[in-house]
1. If you line up the Cα atoms of the range 1-132 on their principal axes, what length do they span on each, largest first, in Å?
2. What accessible area per residue, rounded to a whole number of Å², is obtained for the chain using a probe radius of 1.4 Å?
3. If you find the alpha carbon centre of the range 94-137 and of the range 139-200, how far apart are they in angstrom?
4. Is the range 98-181 best put as rounded, prolate or oblate by its Cα gyration tensor, with a ≥ b ≥ c the root eigenvalues, rounded for a/c under 1.5, and otherwise prolate when a/b is larger than b/c, oblate when not?
5. What FRET efficiency would be calculated for the residue pair TYR34, ALA311, taking the C-beta separation as r and a Förster radius of 56 Å, to the nearest 0.05?
6. Which part of the range 278-301 falls in the paramagnetic zone of TRP323, meaning amide N under 19 Å from the point 7 Å along Cα-to-beta-carbon?
7. Expressed as a fraction of 2.2 N^0.38 Å, the rule-of-thumb size for a compact globular protein of N residues, what is the C-alpha radius of gyration of the range 217-261?
8. For PHE207, enumerate residues with amide H under 5 Å from its amide H, sequence gap 5+ or separate chain, H modeled in the peptide plane.
Amino acid sequence: MIVHPAAILVTIAVLAAAMCGVLIVLLRPVLQRYALARPNARSSHKIPTPQGAGIAVVGATLVVGGAFASVTGFAPLLMLFIAAPMLALVGLVDDIRPIPVLPRFILQGIAVGLILFTAPADLKLFPMPLLVERTLLLIAGLWFVNLVNFMDGLDLMTVAEAVPITVTLALFGLSGELPWPATAIAAALGGAMLGFAPFNRPVAKVFLGDVGSLPIGLLLGWGLLHLAWQGYVAAALLLPLYYLIDATFTLLRRMARRESFWAAHRTHFYQQATDNGFTVSRVVSEAFILNVVLATLAAISVAQRSMTADAILLVFGLGAVTWVLSRFSRRRH
């Protein structure tokens, strides 16, 4: 009997969701005791909440996704399966006892570099020397891993970002536009995030923690990079465009003000929105809808395969993100 690829991806997602949910139930008492996030002036939560559920999300993704993805060979996954646990370990330590900024960035850079500098030389984006391109990708990858961490500051926010991206990547895989390993990992990550969602809906019972947000950023970035390597650079930019714009603009604004931009803060647009009278559910809902719109634009980009269409779609995407961020930055009457 021939099993349809869509059924396989649904199975991957369901298994990852179930495994993630079970692991969170088992881990929560331990996290409650040893990894409690206490509210402070920069927090969006008001009561002490256990963090570290990212262990379940990342674990389910790697176990379930890896089992299915490796049917074509484990070699393409090897460095990912070294780098993601490495980032998870860095995040776990940082959740319990903060690591100084420089050592933290160095360890993150090593994890991202393991993936980039061991990738086949024929995987290129632009006509430039390979070393230069991979170095630029290292900087971009390090930023992407951290911006996912920075944006994980509201209940369900990372779910609202990761699920549309992973579902779209899985659909691209179904149509043959993405390699099978990246497709299977995307399906597993999307399923694991859905398994995490009931525990993180407002008011959250548990948070991802850095142990989750850092490797989730790596897993998302790895999938998007594979999409770009297939020639769909515009689609790879459109999918995470909301996170890219919010986090990058906030970073530049803090640098212009000579603030400690690496320190925790409450100046992201989604944080401003809650300060301006938006409920958490409203902010997350609008972010999710925006991400669905961006995913639709990415799908059109892949279907059109046109530089002109890509330019127009990117303009539409930037306009949609700007409109939402403008709403978030205005006080509701």
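1. Largest first, the range 1-132 extends 49, 47, 22 Å along its Cα principal axes.
2. Values: 15250 Å² over 333 residues.
Using a 1.4 Å probe on heavy atoms only, each residue of the chain averages 46 Å².
3. Here the answer is 19 Å between Cα centres.
4. Values: a/c = 2.47, a/b = 1.02, b/c = 2.41.
Note, shape of the range 98-181 comes out oblate.
5. Values: r = 50 Å, r/R0 = 0.90.
Given R0 = 56 Å and the Cβ-Cβ separation, E is 0.65.
6. Hits in the range 278-301 for TRP323 at 19 Å: 282-301.
7. Details: Rg = 13.4 Å, N = 45, 2.2 N^0.38 = 9.3 Å.
Normalised by 2.2 N^0.38 Å, the Cα Rg of the range 217-261 equals 1.43.
8. GLN51, GLY52, ALA53
The values are calculated or read from the model by the stated rules, or taken from the named source; none is laboratory data. Computed from a prediction, not measured in an experiment: that's the story for all the values here. Cβ coordinates were reconstructed from backbone atoms using ideal geometry, including for glycine residues, and neighbour counts include every protein chain displayed. Surface areas here come from the heavy atoms of the whole protein model, side chains and all, with no ligands, DNA or RNA. Shrake-Rupley method; radii C 1.70, N 1.55, O 1.52, S 1.80 Å.
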